[in-house]
Amino acid sequence: MSEWLVLTLAMASACAVVLTIAVLNNRRVGEDDDPSQTPDVIEYMTMMIGVVYAIVLGLAIAGVWEGRSAAQESVRLEAQALHEVSARSAVYPAEVRDRVRGDVDAYVAYVVDTEWRAMTTHGGLTDEGARLLDKVRADVTEYEPRTELEGQAYQPLVDQVAAADDARGARAQNAGATMPGVVWFGLIIGALVTVGLIFTLQIRRTFRELLLAGLFSVLIAFLLFLIWDFDAPFGRAISATTAPFTDLFPHVTGG
């Protein structure tokens, strides 16, 4: 099922539930009921709970967005480091240079075509990807420089391979969901409490009141969906992409 269809169903369901409860609750109110007699303390508590929950939602969205941005940055750093390895190996003999570039291309192709799908599906990296990167490391570290120029390029190449490995580790850490279950429990319970409190304000069946109640419930459902979507930086609709690899290695990825 499409994630956007899930969003639409969630928002429609939340709106339908709130409006149904509002209409049914209104039928139980006697004709002599005066909605202006809502105690001030209830209005105050409703407002404060709404403000607190809005702050919690804002912090949650900021947290998952930061995680998504960090995931995309780790991909960029990994691709850039591998690109530097491929470019800096130009000073090596043709045989060594071609071997290094070939193994870098093989690793990039595997990440884009195979490992990325495994990462989004299972939330982790593969042993084959680690093996291919180790092969690149071996190509670089096991070669003994023969000229001064090769010697000057050796350490930067080793450093770039280490940077790629470090970025790969960061990508592995960001592959799964980042929001703890207890936070989700608080967000969902808070949403139910916040939406439920609007019924303490004696909503009538006027178009304006029902419209505002429906829009409020739709907004809460949308924000929760947004947090859920950002919570898996590589696995959902608004996720990190392979763009850094396709931009720097178009001959390998077809970008």
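Cβ-Cβ contacts under 6 Å between residues 6 or more apart (or on different chains), taken from a first residue in the range 61-86 that is farther than 25 Å from R101 by Cα to a second residue that is part of a helix (DSSP H, G or I), are listed as I61/I227; V64/I227; V64/F230; W65/F230; R68/F230. Among the residues making up the range 112-156, those that are of a type in the set (A, V, I, L, M, F, W, C) and either in contact with an Asp or Glu (Cβ under 8 Å, 6 or more places away or on another chain) or at positive phi (or both) are L125, L132, L133, V136.
Out of A106, A54, report the one residue that is free of Cβ contacts under 8 Å to residues at least 40 places away in the same chain, part of a helix (DSSP H, G or I) and either of a type in the set (K, R) or over 30 Å from G190 (Cβ atoms) (or both). Don't jump to the end; show me each part of the working.
Working: A54 fails: either of a type in the set (K, R) or over 30 Å from G190 (Cβ atoms) (or both).
Answer to the selection: A106.
With respect to the conditions (1) part of a helix (DSSP H, G or I); (2) surrounded by 15 or more Cβ atoms within 10 Å (Cβ to Cβ), D113 falls short on a single one, namely (2). Annotation note: Cβ proximity below 6 Å between a residue of the range 184-206 that is under 14 Å from E43 (Cα atoms) and a residue that is of a type in the set (D, E) and modelled with pLDDT under 70 (sequence gap 6+ or interchain) occurs for no pair.
Residues of the range 87-103 that are free of Cβ contacts under 8 Å to residues at least 24 places away in the same chain and buried (at least 18 other Cβ atoms within 10 Å of the Cβ): R101 alone.
The values are calculated or read from the model by the stated rules, or taken from the named source; none is laboratory data. Here the structure is a predicted model, which means the values were calculated and not measured. Cβ sites come from the backbone with ideal geometry, for glycine too, and all protein chains shown count toward neighbours.
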